[in-house]
Each structure stands twice: as C-alpha cells, then as structure tokens.
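Before anything else, here's the structure in question.
The values are calculated or read from the model by the stated rules, or taken from the named source; none is laboratory data. All of these numbers come straight from a predicted model, not from anything done at the bench. We place every Cβ from the backbone using ideal geometry, glycine too, and count neighbours over all the protein chains shown. Only protein heavy atoms, including side chains, enter the accessible area calculation; ligands, DNA and RNA are left aside. Shrake-Rupley method; radii C 1.70, N 1.55, O 1.52, S 1.80 Å.
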Amino acid sequence: MSEKESRTGQTNIENEDTLTTRQGHPVTNNQNIRTVGNRGPATLENYDFIEKISHFDREKVPERIVHARGAGAHGYFETYGTAGDDPVSKYTRAKVFQDKGKQTPVFVRFSTVVHGNHSPETVRDPRGFAVKFYTEDGNWDLVGNNLKIFFIRDAMKFPDMIHAFRPDPVTNIQDSQRFFDFCSNSPESFHMVTFVYSPWGIPANYRMMQGSGVNTYRWVNQEGEAVLVKYHWEPKQGIKNLTMKEAAEIQATNFNHATQDLYDAIEKGDYPEWELFVQVMSDEEHPELDFDPLDDTKLWPEDQFPWLPVGKMVLNKNPENYFTEVEQASFGTGVLVDGLDFSDDKMLQGRTFSYSDTQRYRVGANYLQLPINAAKKRVATNQEGGQLRYENDKAPGQNPHVNYEPSTLGGLKEAEQTGKEHTPKVQGKLVRESIERNDNTKQAGETYRQFKDWEKDELIGNMVGDLAECDQRIQDKMVALAEEADEEYGRRLREGLANAKKDGSSMNPLGNKDSEKAPEQAIKKGHEADPY
C-alpha cells in the first residue's frame, strides 16, 4: 500500500507528542489566530484560540493570572484640546479629548506581570500601566505596559508565553531556560528581550517609568474618518532604571519599594504627572514601511510619526482601601468610548476577549457594579442576576417588567448616533498566517545601538549570566538572533558565552545569576538555636 493510499480518509497526522485541544482535536497551527487576510481582523469563530485563552484566564483563583502585584492611585486627566498643532477633533470625536482644560477623573494601576501578589517590585519584568478614564460618555480603559512593544504579535501565543515566563510547574521556581526556550523559538520576541534584559527591564519605581498602550488603535472623527494611533505616557519626574546589582541591594531591604514610593509621594503632595502623546498614521497597510504598523513587536519611528501631545495626567489621591480599589480594579482593552475604536491588531483583538473574560471570572459577573469599576454617569441595562449583583440597572420610570429591547411597554431604547460610523472595508480569505512583514531583528539592532555603553554592558552581562546555563541549542538560536540584529551585539554575546562559567543552574529569577546558591548560603549563614 502506498503512503498516499494509507492516508485515505485521514485528516491531520497525529503522533504521541501532537498538541491537541481538550476536545482531542489535533492543533495544526498554534502560532496564529484565524483572520481575514494575514493582517486581520480576527473572527469570533476562532474556537481553538477561544478555548485556549478562556482556560488560561481561569488558571488561578482569585489572583490575577498576570499583573497580580500592583499599586494604584486616583487622579485626573486634563486635555489640551489639540493633537500637536491641530485641533484634536481633526482625528477623534471622543469627548475626553475635546475642550482645552477639561478634567476627567482617572484611576491608575501599576503592576509587575509574571509573578504573584507579594513578589518583589525589583524583578526583571515588564510593568503594567493601566488607566481607567471615567468619561462623560462612560469608561475608557487604556491598558498597557511601561515598554512600548511586546514579545509576540499574535494572541494565540499568549498563554504559552506566560507559561514559559512563570515559575516551572514542577519546582515552582522561575527558570531562565524556559524563558529563553520560548523566546529562541519565537524570534519576534527578540526586540522585547533586548529591552527586558537591559536596565529598562527594572524601572526604579512606578513614578519614573514611561507608559504605552502597546497596541495599535483607531481614532474616528465626526465624519467617520479613521486614523491609526499609538499612545505614550511620559513621566514629568524623569525616567530612571536600575542595574541588577542596584535592584538586588534594594530588594534586600524592601520588596515593596515601588508601592511605598508612589504612596509616600502622593501623601506628601508630590503628585506624579505624565504627559500623554499619540502617534498618528493613516489607516492603511503602508507598504512603504519595512514593518507592519499593526505589529506589536515594532516601534513607529518618531521621525516619521511625531509624538503629538494631547493632555496630561496627575495622580493626587491614594486608595482608601487596597483590596476594594487596587485589587478589584478591573480593566479591559475593549472598554472604548465613541471616537475610539479597535484596529485589526491581532494582539489587541485577542486581548479584548481575554481581559473582560478574566474579570468576570476573577471578580464576578457584576464586577462593573463595584465603585472602582463603575462609570461615573447614569447606567441602564437589561442585564439580570449573576454573582454578587446588588444594583438594579434600570432607568427612572422604566417599566420594571420589561428587561428586553425592543419594547412598546416602557423599556429602554437605543441612543441616537450623531457621528458617522467608521465602516472599513474588509476583504480576504480566512487564513492562519503570520503577517508578511515580519522582520524580527532589525529594530532590536537599532535599539541596541541607541543604548548607552553602560546599558549595553548590563544587557550583555545579564543575558550571558542566564544563557550560560541554558541548552546549547537555545544559546545558538539566541546568538544567531543577536548577530542578525547587530554585529557587535552578536559578537559580545557569543564571546561572553564562550568565556562564561557553566557551573550553576537556570532555576533563578531572570538576570539573577547564582541565586541558586541562596539555599546553601542560608544554611551556612544561619545561626544555630536550641529548641524551646
């Protein structure tokens, strides 16, 4: 029987090590969600992705799956009414940005990403930077990080990425070999790895770090015309980062230092401020660029797409209770107001399902009734029941017997839309493919060359320390990516690994070489005591 004949009636070839879903379906593409064309948008029938991400959202109870360690504060956003030299209405009809000097209440939650609720704030890790705007049109959540890019460009890979970065499921210890195993096999992550292993991977505190929306969004004006936008928060306190040695010295005395810094500054009236900038790009594919503007692993060059100031944020009030405000604060990338819209960014579309799904699981079906999450305007819905429901979201005079729409018996009615709907044309085959312009190392090289000498030294030292304990195959892949990015980058990494001692373990927090010796040191340095 020929090989062709033996496969008659067979669909996907499955072996003992084939990845499947919980339904037993062999997974043939674990890299890409299904989209219209390779740039998106995504479709709701992404069953493999939805099964994967929805299970991932429910992996821990009740702590956040990611961003568990956090601090927060209240304040306000003041709009300039302009975007650079133009009235902001040229680009968006969102009321939060109109009328110079208008202030909108905000709540901000800063966080680390990978580790648990009481982990040190000196870890090498991206930092979350999530802002909830309580606008007159309802809530808007701008959910991002301190770094302006990300490890991956497709939401299908997010659970795998976090699994690799979190502690080993057997030892419960973070393992740098797991981190580099994933990253070396996901070359699009190399730009982010370059940032994370440099001093930018350990911000000095929350007040002195940048923020970014990371994803690409759309702004829509009154005529329904759209542009692509990126958001950037710049701290007026300046930017400060830490070396590994400095972070270790701080952690030895205080593992809550960033939370304390934020609280103390606000308590004494030294209110932290950030200016909000946007980059604007026409809503097209831009084939003239060597990257796709919807790729979260890429920066938009500032010389081509200038930073336009649109407002400032001031944090001037500490939480009165950590749990009710900071811990129960719930954000979602899908929480947008009129004039703000999604782009086809595949990470954004995946996050938009995941974030709100996580909050319903973590806090409850009625998490939006909690004061920290509730809109500061009228709310009227036809929602019923659910865990911990305590308010009746009905309008004054609404017929209490009518909890549906449409109705002629006194139920809720649709709002009248004034601005024109943005209606982008979507055409293409449904595929599971990566975007076409997927250069993984060019911008990493540009970032490396922009680093100061001490930042380069720290980057190479940190990477060598961790990679030296990794499998040779992983080392080779990471060196190849570095060489592709920049000749000096690759040469220094290769030489550093050749000269590195390989007498330790990869079981340590990222960048913490020799931390595996801590248990032995604790025994040697411990003082004997008699039982009592």
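Considering only residues that are assigned to a strand (DSSP E or B) and over 26 Å from E284 (Cβ atoms), which ones fall in the stretch 26-70?
Keep residues of the stretch 26-70 that are assigned to a strand (DSSP E or B), which gives 26, 35-36, 42, 70.
Hits for the stretch 26-70 are P26, G70.
Residues checked against (1) over 20 Å from V280 (Cβ atoms); (2) free of Cβ contacts under 8 Å to residues at least 40 places away in the same chain; (3) assigned to a strand (DSSP E or B); (4) not acidic (D, E):
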site: G72; (1), (2), (3), (4): yes, no, yes, yes
site: F77; (1), (2), (3), (4): no, no, yes, yes
site: R93; (1), (2), (3), (4): no, no, no, yes
site: G116; (1), (2), (3), (4): yes, no, no, yes
site: V123; (1), (2), (3), (4): yes, no, no, yes
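Answer yes if at least one residue in the stretch 187-198 is open to solvent by 30 Å² or more (accessible area, probe 1.4 Å) and over 16 Å from the mean Cα position of the chain (by Cα), and no otherwise.
Yes, some residue in the stretch 187-198 is open to solvent by 30 Å² or more (accessible area, probe 1.4 Å) and over 16 Å from the mean Cα position of the chain (by Cα).
State which residue pairs qualify: first residue closer than 17 Å to Q417 by Cα and inside the stretch 218-229, second residue part of a loop (DSSP other than H, G, I, E, B) and among the basic types (K, R) in any location, beta carbons under 8 Å apart, and separation of 6 or more residues or different chains.
So the pair list comes out as V220/R93; N221/R93; Q222/R93; Q222/K420; E223/K420; G224/K420.
For T297, state whether it is polar (S, T, N, Q), in contact with a His (Cβ under 6 Å, 6 or more places away or on another chain) and touching a residue at least 40 places away in the same chain (Cβ under 8 Å).
So T297 passes the test.
Now for a different question. Within the stretch 180-195, is there a residue that is assigned to a helix (DSSP H, G or I) and within 15 Å of F129 (Cβ to Cβ)?
Yes.
Output the residue which, of all residues in the stretch 249-258 that are touching a residue at least 60 places away in the same chain (Cβ under 8 Å) and in contact with a helix residue (DSSP H, G or I) (Cβ under 9 Å, 6 or more places away or on another chain), is surrounded by the most Cβ atoms within 10 Å (Cβ to Cβ).
The extreme case among them is I250.
Hey, among D345, D341, which residue is charged (D, E, K, R), closer than 21 Å to V36 by Cβ and either more than 22 Å from the chain's Cα centre (by Cα) or open to solvent by 40 Å² or more (accessible area, probe 1.4 Å) (or both)? Give the derivation first.
Details: D345 fails: either more than 22 Å from the chain's Cα centre (by Cα) or open to solvent by 40 Å² or more (accessible area, probe 1.4 Å) (or both).
After applying the criteria, what remains is D341.
Quick check: anything in the stretch 322-338 farther than 24 Å from E136 by Cβ, open to solvent by 70 Å² or more (accessible area, probe 1.4 Å), under 23 Å from the mean Cα position of the chain (by Cα) and aromatic (F, W, Y)?
Yes; the residues of the stretch 322-338 include at least one that is farther than 24 Å from E136 by Cβ, open to solvent by 70 Å² or more (accessible area, probe 1.4 Å), under 23 Å from the mean Cα position of the chain (by Cα) and aromatic (F, W, Y).
Quick one: V431 ticks every box in (1) surrounded by 15 or more Cβ atoms within 10 Å (Cβ to Cβ); (2) over 21 Å from F165 (Cα atoms) bar one, so which box is it?
(1)
Looking at the stretch 370-388, which of its residues are modelled with pLDDT of 90 or more and either part of a helix (DSSP H, G or I) or of a type in the set (S, T, Y) (or both)?
none
In the stretch 474-523, how many are open to solvent by less than 80 Å² (accessible area, probe 1.4 Å) and outside any helix (DSSP H, G or I)?
12
Within the group E325, E391, which residue is part of a loop (DSSP other than H, G, I, E, B), acidic (D, E) and out of contact with any Asp or Glu (no Cβ under 9 Å at 6 or more places or on another chain)?
From the options E325, E391, the qualifying one is E391.
For the stretch 357-414, which residues satisfy the criterion of being in contact with a Lys or Arg (Cβ under 9 Å, 6 or more places away or on another chain), aliphatic (A, V, I, L, M) and either surrounded by fewer than 17 Cβ atoms within 10 Å (Cβ to Cβ) or under 27 Å from V106 (Cα atoms) (or both)?
A365, I372, A380, A395
In the stretch 14-57, which residue that is modelled with pLDDT under 80 and surrounded by 14 or more Cβ atoms within 10 Å (Cβ to Cβ) is nearest to K425 (Cα to Cα)?
Taking the candidates together, the pick is E51.
If you don't mind, there's one more thing I want to ask. Could you list all residues from the stretch 455-472 that are in contact (Cβ under 8 Å) with a residue 60 or more places away in the chain, part of a helix (DSSP H, G or I) and open to solvent by 30 Å² or more (accessible area, probe 1.4 Å)?
E458, G461
Also: Among the residues of the stretch 281-294, is there at least one that is open to solvent by less than 50 Å² (accessible area, probe 1.4 Å), out of contact with any helix residue (DSSP H, G or I) (no Cβ under 9 Å at 6 or more places or on another chain), touching a residue at least 12 places away in the same chain (Cβ under 8 Å) and in a strand (DSSP E or B)?
Yes, that holds for at least one residue.
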